[in-house]
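Below is one structure, written out as structure tokens; comments come after it.
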Amino acid sequence: MTVTAGAASATGAALADGTLGNGLVLGGGAAVEVRGLAKRFGEVQAVRQVDFSVTSGELFGFLGPNGAGKTTTINMLTGLARPDAGSIVIDGIDCVRHPRAAQHLIGVVPDESNLYPEMTGYDNLCFCAALYGMRKAERCERARELLDVFGLAKAADRKFAGYSKGMKRKLTIAAGMIHRPRILFLDEPTTGIDVASARQLRQLIADLHAGGTTVFLTTHYIEEAERLCDRIAFIVAGRIVRVDTVAELVQPVMDKHVVRIACDNGMACGLGDGQGDEEGGIGTRLVAAFPHLRFTLPAGGGIRVEGDGPVRVGPLVRFLEDQGVEVAEARRIRPSLEDVFVTITGIEADAMHGDREKTGGPR
Amino acid sequence: MNRWIAFWNILLKDMRTYYMKPPNISWGLLFPLAWTGMFFIRSGSGLESVPAVLPGVVAVSILFGTTSMLAVTVTFEKKNRSFERLLLAPMPFELLMLAKTSGAILFGTANAFVPVIMAAFLMDLSAVNWLVFVPAVVLIAVASAFLGLFIAVAVSEVFEAQTFSNFFRFPMIFLCGLFFPISGLPVFLKPLAYALPLTYGADALHGAVHGGHMLPYIVDLLVLGAFCAVLFMLSLRNIRRRWIA
């Protein structure tokens with residue numbers, strides 16, 4: 001796996017020997033190269049001065065909250081929107097000057113399943129293959145092959161309108177890769193589907209990547225990006241705030257020791273509604289009792305404890321119980337990309353995936 | 001070659017999915033039948049009025065069969081975002097939009113021959129100038145389809161496509177000389193009649209069926225062709241500006 005010099009300059013994380021510290025070498029071929037990309041919709045500057053490059057064969061994550069500019073960026077990369085400024089080069093083709101010239105190289109899976117509702121799954125795939133000029137025998141064979149791969153063979157002759165959300169998502173991904181594109185753009189592929197389907201889709205994406213396809217993945221599930229991607233770009237309010245490998249991103253928080261405490265009567269104690277840090281509240285009392293630790297009271301409830309050394313759970317639990325808090329669970333947490341994201345962007349990670357409990361967010 | 005595979009499959013998909021559906025086929029048969037009956041009764045005369053009524057019925061059958069069908073199907077696909085699939089296809093944009101409109105053109109052309117077949121049982125069609133009639137039918141179908149595309153780009157909801165189609169279609173029925181001669185229109189409406197594509201198509205059809213036309217055939221067909229080109233270019237420009245913005 002290689003990473004371009006352009007990508008390294010965007011991250012500022014390249015080491016002097018031309019590596020990114022984990023064996024990734026600068027100077028590889030760029031599948032996608034973006035410089036100074038900008039897009040405005042009326043009063044809203046949706047994307048501003050975005051720079052990054054994606055190396056051939058890489059699984060590149062594009063991570064940000066809703067409305068950060070992910071879909072606008074992907075639309076500009078795929079020719080569905082025109083940038084106001086900047087350059088896009090896909091496999092050496094200038095896509096700003098020739099927006100349709102690279103379309104045979106790319107496959108696109110939009111954030112909504114957009115196949116033809118009145119056609120069957122099989123017919124949808126055959127039609128999408130025909131759009132790329134595939135001959136009849138080839139497209140029939142490829143459609144059957146993908147229906148098998150995605151576990152949809154039994155539903156091949158059912159109308160797309162009658163598919164479940166997960167099945168629709170799978171077929172939409174299959175349609176995006178029907179012509180064996182070199183670069184696959186996946187816009188939030190697991191959003192809104194059940195856990196089992198999301199897990200299956202993530203495995204399929206990993207398999208695609210292992211097979212050598214360059215994958216550009218936008219998601220607002222941090223754990224999904226951490227699990228799948230080689231490198232990740234954080235985009236917030238239309239601006240790229242950081243691009244790096246997962247290992248490099250996580251490194252600064254690896255020395256942290258974090259414990260998460262769940263309380264049965266947390267709300268009653270004012271822990272779950274952000275009131276615990278008021279004067280004389282539980283937060284203030286915790287800081288006074290354990291001055292070497294840092295406490296935060298997440299909006300979702302409970303207490304998050306951070307320390308520069310190992311955190312001793314026993315005294316904490318005893319203290320809380322003395323204060324009338326019923327502790328249900330105290331658990332050490334491995335520092336993750338979520339911590340990095342919160343540190344860099346200042347955005348609560350919970351805001352990124354508020355609907356995770358109902359949908360296919362990673363478990 | 002590859003781009004023609006895409007072209008053919010877009011056409012085939014639209015024919016199967018939209019135009020060859022039973023409600024559309026029955027609409028294509030019933031509508032010309034109703035118009036023929038209506039104007040036949042209104043004329044108050046016998047079978048001798050059929051040649052005068054036929055061109056108007058043919059033109060209206062094309063106009064109604066084509067404009068709203070294309071406007072509705074394109075708006076529907078834009079709304080459920082399946083139109084994006086076409087925009088991502090590696091084929092020239094102009095060819096893509098021709099493929100998208102060609103189903104409506106074929107449907108409109110087929111609609112035109114329903115009243116002709118019915119008229120064959122009522123009058124002698126041997127005097128019809130088919131060398132003018134057929135090109136005029138095809139060009140009216142192309143112009144109507146491109147008008148439908150133009151409408152589709154201007155609206156965002158399916159019901160708006162229907163309403164906006166009628167905004168163009170109903171004035172055309174009364175201003176383009178289909179059933180009432182342009183010479184009988186009030187002076188202030190005459191310039192408007194000559195600004196509408198169907199006027200030239202209707203004139204060519206009248207000439208081809210019973211010999212009564214105002215302009216030379218070549219002028220009618222060239223002006224109709226120019227309307228087709230302008231409507232197509234305007235639609236493409238608007239799609240680029242509004243849908244690939």
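The values are calculated or read from the model by the stated rules, or taken from the named source; none is laboratory data. The model shown is predicted, which means the values in this text are computed figures rather than measured ones. Neighbour counts are summed over all protein chains in view; Cβ atoms, including those assigned to glycine, are modelled from backbone coordinates with ideal geometry. Remember, those area values only see protein heavy atoms, side chains included, never the ligands or the DNA or RNA. Shrake-Rupley method; radii C 1.70, N 1.55, O 1.52, S 1.80 Å.
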Would you mind listing the helices (runs of 4 or more DSSP H) fully within segment A:189-250 where at least 3 residues are touching a strand residue (DSSP E or B) at 6+ places or on another chain (Cβ under 9 Å) and among the aromatic types (Phe, Trp, Tyr)?
none
Within segment B:61-81, identify whether any single residue is within 13 Å of chain A (Cβ to nearest Cβ), open to solvent by less than 20 Å² (accessible area, probe 1.4 Å) and in contact with a Lys or Arg (Cβ under 6 Å, 6 or more places away or on another chain), and answer yes or no.
no
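One line per residue, one yes/no per condition, for (1) of a type in the set (Val, Ile, Thr); (2) in a loop (DSSP other than H, G, I, E, B); (3) within 14 Å of chain B (Cβ to nearest Cβ):
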residue: A:Lys39; (1), (2), (3): no, no, yes
residue: A:Phe52; (1), (2), (3): no, no, no
residue: A:Phe62; (1), (2), (3): no, no, no
residue: A:Ala101; (1), (2), (3): no, yes, yes
Of the residues B:Val142, B:Val138, which single one is open to solvent by less than 30 Å² (accessible area, probe 1.4 Å), in contact (Cβ under 8 Å) with a residue 24 or more places away in the chain and more than 14 Å from chain A (Cβ to nearest Cβ)?
B:Val142
Conditions first: (1) at the interface with chain B (Cβ under 9 Å from one of its Cβ atoms); (2) small (Gly, Ala, Ser); (3) out of contact with any Ser or Thr (no Cβ under 7 Å at 6 or more places or on another chain). A:Ala68 passes all but one, so which condition is the exception?
(1)
So which of B:Glu94, B:Glu48 ends up being away from chain A (no Cβ under 14 Å), open to solvent by 40 Å² or more (accessible area, probe 1.4 Å) and among the acidic types (Asp, Glu)?
B:Glu48
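Results for (1) open to solvent by 50 Å² or more (accessible area, probe 1.4 Å); (2) in contact (Cβ under 8 Å) with a residue 60 or more places away in the chain, shown as yes or no for each residue.
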position: B:Ala112; (1), (2): no, no
position: B:Gly148; (1), (2): no, yes
position: B:Phe159; (1), (2): yes, no
position: B:Ser165; (1), (2): no, yes
position: B:Ser183; (1), (2): yes, no
position: B:Gly201; (1), (2): no, yes
position: B:Leu222; (1), (2): yes, no
Could you identify the single residue in B:Ala127, B:Ala120 that is open to solvent by 60 Å² or more (accessible area, probe 1.4 Å) and more than 19 Å from the chain's Cα centre (by Cα)?
B:Ala127
Please work out which residue is most open to solvent (accessible area, probe 1.4 Å), limiting yourself to segment A:81-102 and to residues that are closer than 23 Å to A:Thr213 by Cβ and in contact (Cβ under 8 Å) with a residue 24 or more places away in the chain.
A:Asp91
Pairs needed: first member in segment B:1-12, over 9 Å from B:Met91 (Cβ atoms) and facing chain A (nearest Cβ under 7 Å); second member anywhere, open to solvent by 40 Å² or more (accessible area, probe 1.4 Å) and of a type outside the set (Asp, Glu); C-beta distance under 9 Å; at least 6 residues apart or different chains.
B:Ile5/A:Tyr132; B:Ile5/A:Arg135; B:Ile5/A:Lys136
Answer yes or no: is there a residue in segment A:191-200 that is open to solvent by less than 10 Å² (accessible area, probe 1.4 Å) and in the same structural domain as A:Pro65 (by TED's automatic domain parsing).
yes
Can you find even one residue in segment A:103-122 that is away from chain B (no Cβ under 11 Å) and open to solvent by 10 Å² or more (accessible area, probe 1.4 Å)?
yes
Looking for something open to solvent by less than 10 Å² (accessible area, probe 1.4 Å), part of a helix (DSSP H, G or I), within 25 Å of A:Gly69 (Cβ to Cβ) and not assigned by TED's automatic domain parsing to the domain that holds A:Ser56 - is there at least one such residue anywhere in segment A:176-186?
yes
